[in-house]
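Working notes for the structure below.
Nothing in this text is a laboratory measurement; each read-out follows from the coordinates by a stated rule. Keep in mind that what you see is a predicted model, and the values were worked out from it rather than measured. Reconstructed Cβ throughout: ideal geometry from the backbone, glycine too, with neighbour counts over all protein chains shown.
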Amino acid sequence: MRLNNDVLYEFLKRKEIHYLYHANTVSTSITYLEQYGLLSRGAVEELGLFQTEQSSDKIDRDFDIWYDIFLDTIDLHGYFPRQNLYGPIVFKFSVDLVLNPDYEIWITKDNPIYWTSRNSNDEKYFIDVEELSQKWDVIQRQRMMITIRNNKTAILFDYLNKIIVDNPKVEITDGNINLFNEAISAIRKSIKNNPHLHDKLTVRECNNCYCHDNYLNGVGVADLKRLFLPKYLIDN
């Protein structure tokens, strides 16, 4: 259900939510940077651009969210003491984007990967900001995903605050690949003609976090490449 943009904005400000977040892989993020905005997976496909496959792609199509863009109300890499499972690049946006009346905003009650065909829209989404307020402290934050519906063009970079890059501190010995060096080099190359974006690029500083250990010991080589390498290196 579409929420009232102004009422939602006031609610988020009362909850001291000043930023919204989107995480993705390096290669998909480069597509966003080159197009100057986030794109729905459906839009990337229609435009013939590159994006890494996700296990949720079939679900997104089945539940008519293929053209939606998803944002979190918190940086999940900091909220949990581990890496963001969607990718090592986090786009941080001002919550002011919510005020844009062109954005049709819905908020999920759970990650769509857990939806079933038996769920009604009332079970999948908050019906209004009043219901969101009532259940805000009951439902886990990562389940409440801000959804900007039905997008076929690049959006949101007018509200971009930071581009945050993980440093996994991992090298792949087969091929002598330093994941961070390859990632940051490819990102810088993609924005070399846009100093506005270059100024927003920052490397995440982690404290009391298991991400480095997880990247080293818990993520396989194929997944590390999928997460951190640009397309031209993934293909090699």
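So how much slack lies between Val138 and Asp213, counting 0.36 nm per residue of separation and subtracting their Cα-Cα distance, in nm?
The Val138-Asp213 span can extend by a further 23.9 nm.
Beyond a 29 Å Cα-Cα separation, which of these cross-linked pairs lie in this structure: Lys92/Lys135; Lys109/Lys162; Lys152/Lys189; Lys124/Lys231; Lys169/Lys200; Lys135/Lys225?
With Cα atoms farther than 29 Å apart: Lys124/Lys231; Lys135/Lys225.
Mind giving me the nanometre distance, one decimal, between the label points for Asp6 and Asp57, set 7 Å out from Cα along Cα→Cβ?
According to this spin-label approximation, the distance is 4.2 nm.
For region 1-66, what's the relative contact order in percent, using C-alpha pairs closer than 8 Å and at least 6 residues apart?
Relative contact order for region 1-66 comes out at 26 percent.
Please work out whether region 1-122 counts as rounded, prolate or oblate from its C-alpha gyration tensor, where a ≥ b ≥ c are the square roots of the eigenvalues and a/c under 1.5 means rounded, while otherwise a/b larger than b/c means prolate and anything else oblate?
rounded
Ranking Thr116, Thr52, Thr147, Thr28 by Cβ neighbours within 10 Å, fewest first, what do you get?
By the 10 Å Cβ count, ascending, the order reads Thr116, Thr52, Thr147, Thr28.
What's the center-to-center distance, using Cα atoms, between region 1-40 and region 177-196 in Å?
22
Starting with the fewest neighbours, write out Arg2, Arg204 ranked by other beta-carbon atoms found within 10 Å of each beta-carbon.
By the 10 Å Cβ count, ascending: Arg2, Arg204.
Select from region 11-110 those GluC sites (Glu not before Pro) which occupy a DSSP coil region and have at most 16 other Cβ atoms within 10 Å, ordered by residue number.
Glu16, Glu53, Glu104
Please report how far the C-alpha centroid of region 215-236 lies from that of region 56-90, rounded to the nearest whole angstrom.
Answer, in whole Å: 18.
Taking the radius of gyration and the Kirkwood hydrodynamic radius from Cα positions alone, what is the Rg/Rh ratio for the chain, to two decimal places?
Reported Rg/Rh, Kirkwood definition of Rh: 0.96.
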